[in-house]
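Asks: Can you keep this structure in mind? I'll have questions shortly.
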Amino acid sequence: MEPRDLFEILVRDHIDSVRAFLLASLRDSVAAEDVLQETFLVAWRILDRYDRQLPFGPWVRGIAGKLLLNHRRKLGRSRVHFCDDQVLGQIDEGFRKFIQLKGDTFDEKLDALRDCLGKLKGPQREAIRLHYEHGLHCKEIADRLNIGFEAVKKHLQRGRSMLQRCLETKMPGGVA
Amino acid sequence: MNEHPEDAQNGDSKPPQAVPEAWREFDDTLADGPSPAQVPDEAKVWLGEQRFLHGMLRALHTADAAAREGRIATLLERIDAEGDAAAVPSPRRHWGLVSLAALLLATLTLWFVMPDRLPTADAAVSRAVAELSRDVHRRFRVQLVAKDPTGKTQMRHEFALVTHPGMRFRIDGKLGFGGMQFGELRIGCDGTELWVLPANGMFRRAVPVAERERLMSGFGEVLDLGYLDVHDLVQRFPDDYDLRVVAREAGRDGRPSVRVEAVRRALAKMPLKSAWLLCDEATGMVTRIEADQELRGGYSRHLSLEYLGEESPALVDYRRPW
């Protein structure tokens, strides 16, 4: 198999997880698309450095992480969320665990998150739905739910933590 | 700390552990404005978890099969375009090929006239210096081993070095200084400032490059920064060492290379007692340096540098990370 063909398979297998990795740190989704392209272009240029005994995902996310750190320095702290090696390592750890979920593709594995979202109740569910599905800002959600801005932030943060706990129960060895 | 009674409504989504109120402000995904410059280490696990879910939820709600195919197609087009650009010779490249052909012809002629003739050591080192002075970033694997007078290994450092002419370098690896073991450590220099950052973030330091010796002496002077500016290191060999080509051998990836031996002259300033360099015959690049240094009291140090290739500029930043 030609390297270019092999690389296309790797791109198809990993582009969604790398995109999610970048969306975790870049505010602007257009900038995330640019860095996503740059990540795989760099990966292609240095493919001879990739150890084929090791999984491709962590390697290509490592490239994305370096590009993120460089973007944060160049573009400033209002464009890229706080990140350093430790935080990026934690985010990467989330993806390492996520790929252990049932399903062959990233989208199939996302079914676990869809299921967890379905089980989320109360103001956390509403806040997450309005923020991520409808794209409302915290202030708009606060007005819609008639609660304070800080309360919205807490509901979103607690909702994410609950989703994390729920995902962990679906991983191999997880306790429901 | 926070406790919310509504958590009990959330099915099998277990209630999250309470987090200190102050940590919530470090989550910069929910408000505009600059993100925090620093976050305490103890908050980073929670922050990483929040950000992982933030990315997953954004990805989930923007998943679009047509957009996915579009971004893959764009990427593959760009990769193919890069390949085409490399394959189609530009007019300048055309002249380059003519020059290369002329050079090859001249080399072949010399080959028949003077079979087995090796380049002179000075020529090989000059080519290496010229190659190292190019405006590119280069990656090396470095090993530094120190031994006591009995030959027992006292310390062994292995790290990745990315370097660029002009005292710009970056080290990532496990290093120990004297009795202090730092584990993962990063050291960098952007040409004006030298910085050190242990993985745990403690004891981080930055000093102007003119004061680099002061910073390194604080770490037991185990690491001689002079070795890390590879361009400068190789450039100084002809002044202080007797150089001679001793063999032609297979270098990196089996490429034809010449081995240059360097023996220090009597009044030399450089501390390395002896060294050998392997220079790629096609590119002129030095692909390996092995050097020995004698220290006071019968102690010794061995330096090994192996060239791994050029580094993409997008992946390099020599400035301090904080």
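Asks: If A:K102 satisfies every condition in (1) surrounded by fewer than 18 Cβ atoms within 10 Å (Cβ to Cβ); (2) in contact with an Asp or Glu (Cβ under 7 Å, 6 or more places away or on another chain); (3) touching a residue at least 24 places away in the same chain (Cβ under 8 Å) but one, which is the exception?
Replies: (2)
Asks: Please find, among B:M167, B:M155, the residue that is closer than 30 Å to B:V263 by Cβ, among the aliphatic types (A, V, I, L, M), touching a Gly at 6+ places or on another chain (Cβ under 7 Å) and at pLDDT below 80.
Replies: B:M155
Asks: So which of A:E38, A:E33, A:E93, A:E108 is free of Cβ contacts under 8 Å to residues at least 24 places away in the same chain and more than 23 Å from A:Q164 (Cβ to Cβ)?
Replies: Of A:E38, A:E33, A:E93, A:E108, the one residue that is free of Cβ contacts under 8 Å to residues at least 24 places away in the same chain and more than 23 Å from A:Q164 (Cβ to Cβ) is A:E33.
Asks: Right, next: Filter region A:136-176 down to the residues that are within 23 Å of the chain's Cα centre (by Cα) and assigned to a loop (DSSP other than H, G, I, E, B) and list them by number.
Replies: A:L136, A:H137, A:M171, A:P172, A:G173, A:G174
Asks: How many of the residues making up region B:289-322 are within 14 Å of chain A (Cβ to nearest Cβ), among the hydrophobic types (A, V, I, L, M, F, W, C), out of contact with any helix residue (DSSP H, G or I) (no Cβ under 6 Å at 6 or more places or on another chain) and not in a strand (DSSP E or B)?
Replies: 2
Asks: Within region B:6-22, can one find any residue that is modelled with pLDDT of 85 or more and facing chain A (nearest Cβ under 7 Å)?
Replies: no
Asks: Do we find that B:G251 is at pLDDT below 90 and under 27 Å from B:D190 (Cα atoms) in this structure?
Replies: Taking the combined requirement at face value, the residue does not satisfy it.
Asks: In the set B:A43, B:A22, B:A59, which member is of a type in the set (A, V, I, L, M, F, W, C) and loosely packed, with under 13 Cβ neighbours inside 10 Å?
Replies: Result of the check over B:A43, B:A22, B:A59: B:A22.
Asks: Could you tell me which numbered condition B:Q181 fails, if it satisfies all but one of (1) in contact with a Ser or Thr (Cβ under 9 Å, 6 or more places away or on another chain); (2) modelled with pLDDT under 85; (3) not aliphatic (A, V, I, L, M)?
Replies: Only one criterion in (1) in contact with a Ser or Thr (Cβ under 9 Å, 6 or more places away or on another chain); (2) modelled with pLDDT under 85; (3) not aliphatic (A, V, I, L, M) is unmet by B:Q181, namely (1).
Asks: Could you please find all residues in region A:24-35 being under 17 Å from A:D92 (Cα atoms) and within 7 Å of chain B (Cβ to nearest Cβ)?
Replies: Within region A:24-35, A:A24, A:S25 meet the criteria.
Asks: Moving on. What are the residues in region A:105-134 that are part of a loop (DSSP other than H, G, I, E, B) and either of a type in the set (V, I, T) or outside the structural domain of A:L163 (by TED's automatic domain parsing) (or both), if any?
Replies: Result: A:T105, single match.
Asks: Six or more apart or on different chains, Cβ under 8 Å: which pairs go from a residue in region A:120-131 that's at the interface with chain B (Cβ under 7 Å from one of its Cβ atoms) and buried (at least 19 other Cβ atoms within 10 Å of the Cβ) to one that's of a type in the set (S, T, Y) and not in a helix (DSSP H, G or I)? Could you list them?
Replies: Taking only residues 6 or more apart or on different chains, the pairs are A:L120/B:S13.
Asks: Another one. Say we look at region A:37-47 and pick out the residues that are more than 7 Å from chain B (Cβ to nearest Cβ) and buried (at least 23 other Cβ atoms within 10 Å of the Cβ); which of these is farthest from the chain's Cα centre (by Cα)?
Replies: Applying the filter and picking the extreme gives A:A43.
Asks: Restricting the search to region A:48-68, which residues are within 10 Å of chain B (Cβ to nearest Cβ) and surrounded by fewer than 17 Cβ atoms within 10 Å (Cβ to Cβ)?
Replies: A:D48, A:R49, A:G62
Asks: Let me ask something else. Name the pairs: first residue in region A:1-15 and more than 17 Å from B:A65 (Cβ to Cβ), second residue crowded, with 16+ Cβ neighbours inside 10 Å, Cβ to Cβ under 6 Å, at least 6 apart or on different chains?
Replies: Cβ pairs passing all conditions: A:F7/A:W44; A:L10/A:F56.
Asks: Out of the residues in region A:69-108 meeting the condition of being of a type in the set (G, A, S) and over 17 Å from the mean Cα position of the chain (by Cα), tell me which one is nearest to the other protein chains (Cβ to nearest Cβ).
Replies: Within region A:69-108, the match that is nearest to the other protein chains (Cβ to nearest Cβ) is A:S78.
Asks: Hey, does region B:308-316 have a residue that's modelled with pLDDT of 85 or more and on the phi > 0 side of the Ramachandran plot?
Replies: Yes - at least one qualifying residue is present in region B:308-316.
Asks: Moving to a separate point now. Looking only at region B:260-281, decide whether some residue is touching a residue at least 40 places away in the same chain (Cβ under 8 Å), within 14 Å of chain A (Cβ to nearest Cβ), surrounded by 18 or more Cβ atoms within 10 Å (Cβ to Cβ) and closer than 24 Å to B:A160 by Cα.
Replies: No: region B:260-281 contains no residue that is touching a residue at least 40 places away in the same chain (Cβ under 8 Å), within 14 Å of chain A (Cβ to nearest Cβ), surrounded by 18 or more Cβ atoms within 10 Å (Cβ to Cβ) and closer than 24 Å to B:A160 by Cα.
Asks: Taking the condition of being modelled with pLDDT under 90 and within 11 Å of another protein chain (Cβ to nearest Cβ), how many residues in region A:3-23 meet it?
Replies: So the count comes out to 3.
Asks: Please indicate, with yes or no, whether at least one residue in region B:284-303 is modelled with pLDDT under 90, over 21 Å from B:F159 (Cβ atoms) and surrounded by 18 or more Cβ atoms within 10 Å (Cβ to Cβ).
Replies: Yes: region B:284-303 contains one or more residues that are modelled with pLDDT under 90, over 21 Å from B:F159 (Cβ atoms) and surrounded by 18 or more Cβ atoms within 10 Å (Cβ to Cβ).
The values are calculated or read from the model by the stated rules, or taken from the named source; none is laboratory data. Quantities reported herein were computed from a predicted structural model and do not represent experimental measurements. Ideal geometry is used to build each Cβ from the backbone, glycine not excepted, and the neighbour counts take in all protein chains shown.
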